[in-house]
Structure formats: C-alpha cells, structure tokens
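I have placed the structure first, in the form of structure tokens, so that the comments after it can refer back to it.
The values are calculated or read from the model by the stated rules, or taken from the named source; none is laboratory data. Everything quoted here is computed from the prediction, not taken from an experiment. Cβ: placed from backbone, ideal geometry, glycine included. Neighbour counts: every protein chain shown. When the accessible area is computed, the model is the full protein with side chains, heavy atoms only, and any ligands, DNA or RNA have been set aside. Shrake-Rupley method; radii C 1.70, N 1.55, O 1.52, S 1.80 Å.
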Amino acid sequence: MKPVNVSAAGVEPNPARRAGGVWGRVSWAVGDQALSSATNIGTAVVAARVLDRQAFGAFGLAFAVYLLVLGGCRALVTEPLVSLYSNLRPATIAPLIRAATGAAVGIGVVFAAGVAVMGAALGGAGGRALAALALVLPGLLLQDSWRYCFVAAGRPEAAVANDAIWCVVQAATLVVLAVGGHLGLVVIVLWWGGAGTVAAVAGCRQATMMPAVFSARRWVTEHWHLGGRYTTEFVAATGAGQATLLGLGAIAGLTALGAVRGAQVFFGPINVLFGGIYLALAAEGSRLRTEPRQLRRLMALASGALMVAGACWLFLGLALPVSAGHHFFGDNWGPSRELLVPVGLAVLGGGAAAGAIAGLRSLAAAQASLRARLYGLPVVLAAPLAAAAKGPKAFAVGLALATWVGAVIWWRQFEQELNSPPAAQRPDRSDPDEAR
C-alpha cells in the first residue's frame, strides 16, 4: 500500500468536495462533533449520578486512558489520512480508507491488550474499569476513524449519521439497563463502548467496505513521516495542559484548580465548535493546497468566526444571572465566574490559532506544525505557572497570554509554509519514500 503522491500530476480532485459548499460541509462536521461529544458527556453524567465516588474515579481513569489512546490513534492514522488524501476521488481514496480503518483496529487491539494487563495488575474498581475498556477499545477507535474517513471523503453527513447511531443505541439501551437496575461500573463502560462498537460496524455498511486490519503496521510505517510528528505534538500538547493544571493545584490549592476548571467547562460548547471546524478545515484546506491565497483566506475567516463565537459566549456568561449560574454549576459558579474574562481571552486566542493549525494540517506540514508546538511550549508552561502563586485569576491571565503568543507562532509557521515554494513538492507532505 504505497501512499498516493498528492502532488503528482494527473491526480483528479474528489468532486464530492465541490458539492454543498465549504461552509455547508463545515456545518455538518460541527454537528458531528456535537453528537460525538454528547455521547461522552451523557455517559459521564450517567456515571456521576449512578456510581459512588470510588467507582466514578475508576470510570474517570478508564476514560482518561481512552482519550490518550484515541489521541495517539488519530495522530498516527486519521490525521495523516485527512492531511494527505482529502482531495482524492472516491475510487482512489477507498483503499486508503480501508487501510486507515484497519490500522485503527490494529492499534486498538494492541492497546487493548496493554490496557487489560494494566487492569489485571491494578485490580479493584480501577482494574475492572480498564478490563471493560479493553473489550470495547478496538470498536471505539474504529468508530472514531470512520468519522475522519467520511469527512476526508467529502461525506460529513455520513459521519453525522454514524454518531447519531451511537447516540440512539446508547439512549435505547440505557432505558433497558436502568429499568432492570443493572447499571454499575463495568456495565456503564460496556454500555458506552458497546454502543460505539455498534456504530463502528454500521460505519462499515455505510462505507460499503471492511477495514484492512492486516495493513495496520504498513500504514503506520509508511506514514510515519507525518504520524510520528503528529504523535509527538499530541504528547507535548497533552502533557503541557495537564502539567499546568496540576501545577496550579500544587501551588495555589485545589480550590483554585476547581475555579479554573469550572470556567473552562463553561466554554465547553465552544471547544466542541473548535473540534468540528478543525476537522472540516483540515480536509477542505487540502483541496486548496496549490492555491495559497484561497487557503489563507479560508483559515483566516475560520479563525475570525471562532473568535466571534467565543466572544459571544463570553458575553453570554457575563450576562448570565448569578442564580442561573448557580443552578448549573452550584457553589463553584462564584469563583469560576470571576475567571470568565481571562479564560475567555484564552479561548479567543485558541480561536485565533485554530485556522493556522488547521492550515498546517491541510498542507501536511507536520515538521512545521511540530516546530510551532515546541516553540510555544516554554511560554505555555511558564506564563501560567509563574503567576499561579498569585491565585487563579493570575494563572488564567498567564494562560491567556500563552495562548495568544502561541497563536502568533502558529500563524508565522503557516505563513512560512505558504510562502516557501514549491510547497506541494516537499517530502514532508507527499511521498514518504521521497522523505527517506
């Protein structure tokens, strides 16, 4: 399975990408992201209401492991697919989709074995939760890979339908389990992951193809020039985010950490919007890889739209009656509300950077993307933590500063890639054989 050289002459674009308009496809992708988030949020709500503190902590452990594996799978498999192949015709991209989904299943099987061993070693509630996760992990990764594959193939409405299947199955089975009184830690993990696996199987029918599981190793190897860098970038971003929050808790206390997390949770819907637009933009931008002016305009418009959305949500939070805030967030709303402005400014900075990040993905410029992430890492760590001793508000101001500095770095790297011809011919974004 030799990757298609997207720069080669004679590769015809996927006509499906011309149908419905860019913003129409972006809207489908945002809706898909909302449905995908709804399944996870709904599961967390059910777990919080049904489980005791220890069991809920075990569920949180399993979910955190899932998110780490999911991020790694996206970096190795589906992000390279979207970056490199979103502009190909259905007949050309079909075998690549089979290989990518097969790689997702293969990665799921490998990590499931590791998670099962970890669960056996841990024992207790945490061990049971991890054992249950191991059973459904391959299906969960396959379902997520279908979302990316459908968007890459110019079919975001199919991704929405697939996540809708997950939601419907989960809602229907919840009624049965709740009436029977069978909801417990292991059952909740299997209920959530099982519904995702049903959606993954439905994705095979939607795509009229089966994953090529035995191509997993080959896919990862032949796309390592992108996947390896995307994985390093994911680890750096995740590690920095967790390190700053843990540092805040250690320096200023858990109350300060709770206030910051409450403000971040308030902006959760905007993060859903970011996630949907990011995926759609990476796919749409790949069609404009050889048209830098249009690509720059698309990404600038997207960043502007995200910043407007973030600002509107911030104003909504500031205008929200205190009683309404307490209804949703309880006693945590007071301290969190005081942080809405600096946390909101950080969200706006994330929106400003989003277009450049998606633009680098659409150019398959993994080296430049990793460089931007690493260049911004020192300020991402230092700015909020240096201010943490002065309290959560100072921490949030430092976080906002770091986010805006990061946005400048991302756009600088994006502009350098756009202004460095011949961009489409670089090994970093075409044939890995050339990269070697």
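Residues considered: A58, A34, A48. Of these, the only one that is modelled with pLDDT under 80 and in a helix (DSSP H, G or I) is A48. With respect to G102, is the statement that it is without any contact (Cβ under 8 Å) to a residue 24 or more places away in the chain, open to solvent by less than 10 Å² (accessible area, probe 1.4 Å) and not in a loop (DSSP other than H, G, I, E, B) true? Judged against the criteria, G102 is not a match. The residue that is farthest from L399 (Cα to Cα), among those in the range 255-289 that are modelled with pLDDT of 85 or more and of a type in the set (V, I, T), is I270.
Does L137 satisfy the criteria of being out of contact with any Ser or Thr (no Cβ under 7 Å at 6 or more places or on another chain) and either charged (D, E, K, R) or surrounded by fewer than 24 Cβ atoms within 10 Å (Cβ to Cβ) (or both)? Criteria not met by L137.
Scanning the range 359-380 for residues that are of a type in the set (A, V, I, L, M) and at negative phi yields L360, L363, A365, A366, A368, L370, A372, L374, L377, V379, V380.
Figure legend. Inter-residue proximity from the range 273-288: first residues more than 16 Å from W146 (Cα to Cα), second residues open to solvent by less than 10 Å² (accessible area, probe 1.4 Å) and among the charged types (D, E, K, R), beta-carbon distance below 6 Å, spacing 6+ or different chains. Indicated pairs: R287/R17. Output yes when any residue across the range 196-210 is within 15 Å of T39 (Cβ to Cβ), buried (at least 16 other Cβ atoms within 10 Å of the Cβ), of a type outside the set (S, T, N, Q) and touching a Leu at 6+ places or on another chain (Cβ under 6 Å), and no when none is. Within the range 196-210, one or more residues are within 15 Å of T39 (Cβ to Cβ), buried (at least 16 other Cβ atoms within 10 Å of the Cβ), of a type outside the set (S, T, N, Q) and touching a Leu at 6+ places or on another chain (Cβ under 6 Å). Scanning the range 56-99 for residues that are of a type in the set (S, T, N, Q) and open to solvent by less than 40 Å² (accessible area, probe 1.4 Å) yields T78, S83, S86, N87. Evaluated against (1) open to solvent by 20 Å² or more (accessible area, probe 1.4 Å); (2) within 24 Å of V45 (Cα to Cα); (3) under 23 Å from the mean Cα position of the chain (by Cα), V176 falls short on exactly one condition, (3).
Let's see how each residue does on (1) touching a residue at least 12 places away in the same chain (Cβ under 8 Å); (2) among the small types (G, A, S); (3) open to solvent by 10 Å² or more (accessible area, probe 1.4 Å):
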residue	(1), (2), (3)
L345	yes, no, yes
S369	yes, yes, no
V379	yes, no, yes
A394	no, yes, yes
L399	yes, no, yes
A402	yes, yes, no
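L316 fulfils the conditions (1) without any contact (Cβ under 8 Å) to a residue 24 or more places away in the chain; (2) open to solvent by less than 20 Å² (accessible area, probe 1.4 Å) except for a single criterion, (2).
Applying the set (1) closer than 20 Å to V198 by Cβ; (2) without any contact (Cβ under 8 Å) to a residue 12 or more places away in the chain; (3) not charged (D, E, K, R) to V109 leaves exactly one unmet item: (2). L226 fulfils the conditions (1) buried (at least 20 other Cβ atoms within 10 Å of the Cβ); (2) within 16 Å of V136 (Cβ to Cβ) except for a single criterion, (2).
Checking the stated criteria, L288 turns out to be open to solvent by less than 30 Å² (accessible area, probe 1.4 Å) and under 24 Å from A365 (Cα atoms).
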